[in-house]
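Scroll down for the structure; my scribbles are underneath it.
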Amino acid sequence: MSELAARLSAVRERIADAADAAGRDAHDITTVVVTKFQPVSLIRELASLGVRDIGENRHQEAQAKARELADLGLDWHFVGQLQGKKARQVRAYASVIHSVDRTSLVDALRSDEASVDCFVQVNLTDDPGRGGVDPEGLEDLVEHVLRTPGLRLLGLMAVAPLDEDARAAFARVRGLSDRIRPLAPEATALSMGMSHDYRDAILEGATHLRIGTAITGNRPAPG
Ligand SMILES: *Cc1c(COP(=O)(O)O)cnc(C)c1O
């Protein structure tokens, strides 16, 4: 077994274990393998191991990889901060956009053609540079997504802050998800949990994990 295959299978086991502990079905949890800075050869190997959901955080890199690997029919998840002027291009290859965080980006993603799935990203820190909408503006942004054609809201996305217990942070996201339930009854998904905190995320109801290095190994230096 390759090292990649061994790490993937170890993570799959830990996901199953955490789902068990939470009394949840592991099949309800989608694992997005985040492959930023990794070569396309690694993504091909992941695909051969049964991975279908690939996450990237930079448009140019994601677009080039999606083009080169079009034959694999993978689902591309855009998880990084997104500039409005790149929005239409990202729509063209992404199945899911996890980082919708402001009304101007929603407007840029508007389309009268097929819908793209998306998450509204919430910022759990006091630093506006981290990406995500401030929880105070959450309802307004959700309403804006719901009335914009071409977007289907799946739920909320967040990154746990470095200075807060991850489980407590994910519990906050779950609370925010409950808060938007009257507005968006169907947007129940939660994109949260990375290499170091996916167990806590599963215990708090994550439906989409975004896992990089725990599966891929260390990232090469940015190119
Ligand atoms: C890189 C990245 C991840 C994966 O991080 P790891 O710590 O390698 O698991 C998840 N989410 C986002 C938004 C990222 O940029």
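Rule-based calculations on the coordinates, nothing more; no lab input. Note that the coordinates shown come from a computational prediction; the quantities given were computed from them, not determined experimentally. Ideal geometry is used to build each Cβ from the backbone, glycine not excepted, and the neighbour counts take in all protein chains shown.
Shape class for segment 1-114, computed from the alpha carbon gyration tensor (a ≥ b ≥ c): oblate, with a/c not under 1.5 and a/b at or below b/c. The distance separating the Cα centre of segment 44-103 from that of segment 202-223 comes to 15 Å. Taking a ≥ b ≥ c as the square roots of the eigenvalues of the alpha-carbon gyration tensor, segment 85-162 is classed prolate because a/c is 1.5 or more and a/b outweighs b/c.
Look at Leu146, Leu138 and count the other Cβ atoms within 10 Å of each Cβ; fewest to most, that gives Leu146, Leu138. With r as the distance between the Cβ atoms of Asp126 and Ser41 and R0 = 41 Å, compute the FRET efficiency 1/(1 + (r/R0)^6) and round to 0.05. Working from the Cβ atoms, E equals 0.55. Dividing the convex hull volume of the alpha carbon atoms of segment 3-216 by its residue count gives 117 Å³ per residue.
Please work out how much length the chain gains when fully extended from Asp112 to Ser2, using 0.36 nm per residue of separation minus the C-alpha to C-alpha distance, in nm with one decimal.
Additional length available on full extension: 35.1 nm.
In a DSSP loop and with at most 14 other Cβ atoms within 10 Å, the GluC sites (Glu not before Pro) in segment 124-214 are Glu164, Glu186. Model label points for Glu143 and Glu186, set 7 angstrom from Cα along the Cα-to-Cβ axis, are 2.1 nm apart.
Which residues in segment 15-43 place their backbone N less than 14 Å from a point set 7 Å from the Cα of Leu72 along the Cα-to-Cβ direction? Of the residues in segment 15-43, 32-43 have backbone N under 14 Å from the label point off Leu72.
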